[in-house]
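Structure, as structure tokens:
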Amino acid sequence: MRSPLKPVVDNNGNVYVCTLGLNQVHQISKDCKKIKVLLTQADGLSSPYSICLSEEEEELYVGMDNNDNVKVFKTKRRAQ
């Protein structure tokens, strides 16, 4: 992971982090093992700089460094 920025944590302890240099958002488990790359440039990311998670709305908001855009992505709730 290169240039990780602005991590947020969900209620399950998973961490979501932007990687500015790679144009990705990663999901990391609470034991610090990478679960997966959630979003990439193919999803419209361009220099992701900030991230916010709304579990109530089931949305992930990603702000870009090189423009004034904020991308909104729907998340899926895991069955409990």
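A few notes on this one:
- Scanning segment 23-64 for residues that are surrounded by 11 or more Cβ atoms within 10 Å (Cβ to Cβ), of a type outside the set (Ser, Thr, Tyr), under 21 Å from ARG2 (Cβ atoms) and at pLDDT 90 or above yields a count of 19.
- The set of residues in segment 24-46 being in a strand (DSSP E or B) and either basic (Lys, Arg) or at positive phi (or both) consists of LYS34, LYS36.
- Residue, farthest from ASN23 (Cα to Cα), within segment 46-80, restricted to residues that are touching a residue at least 24 places away in the same chain (Cβ under 8 Å) and in contact with a Cys (Cβ under 8 Å, 6 or more places away or on another chain): LEU60
- Residue match in segment 11-23 (condition: touching a residue at least 12 places away in the same chain (Cβ under 8 Å), among the hydroxyl-bearing types (Ser, Thr, Tyr), out of contact with any helix residue (DSSP H, G or I) (no Cβ under 6 Å at 6 or more places or on another chain) and part of a strand (DSSP E or B)): yes
The values are calculated or read from the model by the stated rules, or taken from the named source; none is laboratory data. None of these values were measured; they are calculated from a predicted model. All Cβ positions, glycine included, derive from the backbone under ideal geometry; neighbour counts span all protein chains shown.
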